[in-house]
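What follows is one structure encoded as structure tokens, with my remarks underneath.
The values are calculated or read from the model by the stated rules, or taken from the named source; none is laboratory data. Remember, predicted model here, so these are calculated numbers, not experimental data. Cβ atoms come from the backbone with ideal geometry, glycine included; neighbour counts cover every protein chain shown. The area values use the complete protein model at the heavy-atom level, side chains included, leaving out ligands, DNA and RNA. Shrake-Rupley method; radii C 1.70, N 1.55, O 1.52, S 1.80 Å.
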Amino acid sequence: MKKPDVPLTPVIYYLAFLKRGPKWTPESTPETNALQEAHMANIRSMAAAGKLVIAGPFTKAPPYAGVFVFKVATLEEAKSLAEADPTVKAGRLVAEVHPWSIPKGSLP
């Protein structure tokens, strides 16, 4: 975390908590491997577009699988990005998106 700007001004980021969805399974199959590759490609694409600040998996936190942190203009845009992820579209994960107010300058 960076030192925030002074004076402190709130800014909204969006957290997308990724949870195990109805089609989640622990097995590694050609289909789940392909979905994971598509998921990672989507992460790289959102980051390159400047919309995704950071993403990563949770360890030992079922039913939570991971998180996206978005820097976008609206909650609707954050929801749209999260729901467009291949693993979410396939039902392997579901996204729960929330606005997050932090001091401006704390994150890129």
Mind giving me the nanometre distance, one decimal, between the label points for GLU27 and ILE102, set 7 Å out from Cα along Cα→Cβ?
3.9 nm
Summarise the accessible area of region 3-102 (1.4 Å probe, protein heavy atoms) by the percent that is carbon and sulfur.
60 percent
Positive minus negative residues near ILE12 (Lys, Arg vs Asp, Glu; Cβ under 13 Å):
0
Taking a probe of 1.4 Å, how large is the accessible area per residue of region 10-75, in Å²?
61 Å²
For LYS23, enumerate residues with amide H under 5 Å from its amide H, sequence gap 5+ or separate chain, H modeled in the peptide plane.
ARG92
Straight-line reach from LYS19: which lysines have a Cα under 17 Å away, not including same-chain ones fewer than 8 places off?
LYS60, LYS79, LYS89
A chain fully extended from VAL53 to THR74 at 0.36 nm per residue, minus the present Cα-Cα distance, gains in nm 6.1 nm
Which label in (1) 37, 31, 27; (2) 33, 29, 28; (3) 51, 27, 22 gives the computed Cα extents along the principal axes in Å
(3)
